[in-house]
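A.B. asks: So that we are looking at the same thing, I have put the structure below in structure tokens.
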Amino acid sequence: MSKGKVLHISKFYPPYKGGIEDVCYSIVSSMVDYEHCVLCFNTGKDTIEEQYEGVPVSRVGVQVQRYSQPISFAYPNVLKRTLKEFNPDIIHLHTPNPYASLLVCHYIPDDVKLIVHWHSDIVKQQFTYTAFKPFEQKLLERADAIFATSPNYAEHSVPLKQFMNKVIIVPNGINEMKIASQEGDEQKIEAIRRKYDGKKIVFFMGRHVAYKGIDRLISAEKMISSDCVILIAGEGPLSNELKMNTKSERIHFIGKISDDEVRLYMRAASVFAFPSITKNEAFGIVLAEAMYCGTPPVLFSIEGSGVNWLNQNGTTGIEVENGDVKAFAEAIDTLLQNKDNIRDKMGARAHDLIAENFTMTRIKGVIAKEYDVLIQQRP
């Protein structure tokens, strides 16, 4: 018997790939004691109602896309219908998602509990944010609980300052089944290493957008003295520009890779490069995955971001001043050279830190506790 009904509202949902989408999926798929339903946008114009791994998902067709925000004319009716037919105890709203947030504020019944999962402030779209800010205030006032992914982010988030009494720290949890070693992996990992002539691998994975700092990694390559290759996985709007500006034969763009390949490349690598430079990088689930695989990261310090809370500088990886490309290169060299087994020690500690604190096995207990409290409070 279900302990309660939870309607998850996310911008998108798997098989769409994205950090927030992965977190939403991990919660839905791991918390089987609750009945879940998902409302999200479709990547096309048609609205699709389907079952995804046994969970009802409404993917609402999108007519307009502005400033990274999908707009759907059908969304209000689909939301109203879902609230009536599914009758949730809790709406678990993953933000930022201004358009959906506006509609949730307008249509949520008084007796339905609201969790605002605060993945990130609105950092880049300041013009849009100015118009949305009063509604964001209303959303946070209406929220029964606010999930922040790290104490660092919560403490430095201006919108959350007056609502700290509602804030609960709920770190993102990795899906161990996705990233755990499988039989036959060692041979595949060795094949990846042979493909690059046995040279040490520095690995990056993520969307090719400005805040990921890939241009800093490319600049740092010139200053890395160790014999290595740099593999850049993923795609995005900056892919072509980055490739055009890359002259070094040590840098290889390998495109999108599957979930199976993710764990293989992470384990084949000696260093995980994480050159993000702004608070758009609020937590870094891919950073946690690499650390779980025992691959120590090199990253920049980002004030107010959870990445520098997730990694323990000097213990599980190396953090350098934001934008200092030379220091970033030197940190990569330190790990590649592995003097006194520093890379091996950091990699082992990184794995232990994530395994003990940042897996869905651990995190789902925190979420379940809050779900249960809110459901019991419902009239």
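A.B. asks: So, of the residues in region 221-275 that are small (Gly, Ala, Ser) and in contact with a Phe, Trp or Tyr (Cβ under 9 Å, 6 or more places away or on another chain), which turns out to be nearest to residue 302 (Cα to Cα)?
C.D. replies: For region 221-275, the residue satisfying everything is 273.
A.B. asks: Oh, and also: Which of the residues spanning region 13-36 are of a type in the set (A, V, I, L, M, F, W, C) and surrounded by 20 or more Cβ atoms within 10 Å (Cβ to Cβ)?
C.D. replies: 20, 23, 24, 27, 28
A.B. asks: Among residues belonging to region 142-156 that are assigned to a helix (DSSP H, G or I) and not basic (Lys, Arg), point out the one that is nearest to the chain's Cα centre (by Cα).
C.D. replies: Out of the qualifying residues, it is 153.
A.B. asks: Would you mind telling me which numbered condition in (1) of a type outside the set (Gly, Ala, Ser); (2) crowded, with 22+ Cβ neighbours inside 10 Å; (3) touching a Gly at 6+ places or on another chain (Cβ under 7 Å) residue 156 fails?
C.D. replies: Among (1) of a type outside the set (Gly, Ala, Ser); (2) crowded, with 22+ Cβ neighbours inside 10 Å; (3) touching a Gly at 6+ places or on another chain (Cβ under 7 Å), the lone unmet condition for residue 156 is (2).
A.B. asks: Can you tell me which residues in region 13-35 are without any contact (Cβ under 8 Å) to a residue 40 or more places away in the chain and touching a helix residue (DSSP H, G or I) at 6+ places or on another chain (Cβ under 8 Å)?
C.D. replies: Within region 13-35, just 14 meets the criteria.
A.B. asks: Further question on the same structure: Restricting attention to region 165-178, does a residue exist that is surrounded by 20 or more Cβ atoms within 10 Å (Cβ to Cβ), charged (D, E, K, R) and either assigned by TED's automatic domain parsing to the domain that holds residue 91 or part of a loop (DSSP other than H, G, I, E, B) (or both)?
C.D. replies: No; the residues of region 165-178 include none that is surrounded by 20 or more Cβ atoms within 10 Å (Cβ to Cβ), charged (D, E, K, R) and either assigned by TED's automatic domain parsing to the domain that holds residue 91 or part of a loop (DSSP other than H, G, I, E, B) (or both).
A.B. asks: Moving on. Hey, any hits in region 196-218 for a residue that's touching a residue at least 24 places away in the same chain (Cβ under 8 Å), in a strand (DSSP E or B) and among the β-branched types (Val, Ile, Thr)?
C.D. replies: Among the residues of region 196-218, at least one is touching a residue at least 24 places away in the same chain (Cβ under 8 Å), in a strand (DSSP E or B) and among the β-branched types (Val, Ile, Thr), which makes the answer yes.
A.B. asks: Further question: Filtering region 61-92 down to residues that are within 18 Å of residue 106 (Cα to Cα) and of a type in the set (Val, Ile, Thr), which residue is modelled with the lowest pLDDT?
C.D. replies: My answer is 71.
A.B. asks: Among the listed residues 207, 216, identify the single one that is among the basic types (Lys, Arg), under 30 Å from residue 324 (Cα atoms) and modelled with pLDDT of 95 or more.
C.D. replies: Residue meeting the stated conditions: 216.
A.B. asks: Moving on to the next point. Taking residue 377 and the conditions (1) touching a residue at least 24 places away in the same chain (Cβ under 8 Å); (2) at positive phi, which numbered condition does it fall short on, given that it satisfies the others?
C.D. replies: (2)
A.B. asks: Residue 228 fails exactly one of the following numbered conditions: (1) buried (at least 23 other Cβ atoms within 10 Å of the Cβ); (2) more than 23 Å from residue 322 (Cα to Cα); (3) touching a Leu at 6+ places or on another chain (Cβ under 8 Å). What is the number of that condition?
C.D. replies: (1)
A.B. asks: Okay, moving on. Checking residue 281 against (1) buried (at least 23 other Cβ atoms within 10 Å of the Cβ); (2) without any contact (Cβ under 8 Å) to a residue 24 or more places away in the chain, which single condition isn't satisfied?
C.D. replies: Exception for residue 281: condition (2).
A.B. asks: Do the conditions hold for residue 271, that is, is it surrounded by 19 or more Cβ atoms within 10 Å (Cβ to Cβ), β-branched (Val, Ile, Thr) and within 22 Å of residue 173 (Cβ to Cβ)?
C.D. replies: So residue 271 fails the test.
A.B. asks: Among the residues that make up region 269-283, is at least one of them out of contact with any helix residue (DSSP H, G or I) (no Cβ under 7 Å at 6 or more places or on another chain) and either modelled with pLDDT under 95 or farther than 19 Å from residue 344 by Cβ (or both)?
C.D. replies: Checking region 269-283: at least one residue is out of contact with any helix residue (DSSP H, G or I) (no Cβ under 7 Å at 6 or more places or on another chain) and either modelled with pLDDT under 95 or farther than 19 Å from residue 344 by Cβ (or both).
A.B. asks: Which condition does residue 265 not pass, out of (1) among the hydroxyl-bearing types (Ser, Thr, Tyr); (2) surrounded by 21 or more Cβ atoms within 10 Å (Cβ to Cβ); (3) closer than 25 Å to residue 118 by Cα, if it passes all the others?
C.D. replies: If we test residue 265 against (1) among the hydroxyl-bearing types (Ser, Thr, Tyr); (2) surrounded by 21 or more Cβ atoms within 10 Å (Cβ to Cβ); (3) closer than 25 Å to residue 118 by Cα, just (3) comes out false.
A.B. asks: Please name all residue pairs, on different chains or six or more residues apart, with Cβ atoms under 8 Å, provided the first residue is in region 152-169 and is touching a residue at least 24 places away in the same chain (Cβ under 8 Å) and the second residue is of a type in the set (Phe, Trp, Tyr) and in a loop (DSSP other than H, G, I, E, B).
C.D. replies: Correct list of pairs: 153/283.
A.B. asks: Would you please list the contacts, defined by Cβ atoms under 6 Å and residues six or more apart or on different chains, that run from a residue in region 36-60 that is touching a residue at least 40 places away in the same chain (Cβ under 8 Å) to a residue that is exposed (fewer than 11 other Cβ atoms within 10 Å of the Cβ)?
C.D. replies: Qualifying pairs under 6 Å: 57/50.
A.B. asks: May I pose another question? Condition (residue is modelled with pLDDT under 95 and either in a loop (DSSP other than H, G, I, E, B) or of a type in the set (Asp, Glu) (or both)) applied to region 259-266: is it met by at least one residue?
C.D. replies: yes
A.B. asks: Quick one: in region 327-369, which of the residues that are under 30 Å from residue 92 (Cβ atoms) and in contact with an Asp or Glu (Cβ under 9 Å, 6 or more places away or on another chain) is surrounded by the fewest Cβ atoms within 10 Å (Cβ to Cβ)?
C.D. replies: Selected residue: 361.
A.B. asks: Using the structure shown, decide if residue 205 is touching a Gly at 6+ places or on another chain (Cβ under 7 Å) and of a type in the set (A, V, I, L, M, F, W, C).
C.D. replies: Answer is yes for this residue.
The values are calculated or read from the model by the stated rules, or taken from the named source; none is laboratory data. In this text the structure is predicted, and so the values were computed from the model without any measurement. In this analysis, Cβ positions are derived from the backbone assuming ideal geometry, glycine residues included, and neighbour counts consider all displayed protein chains.
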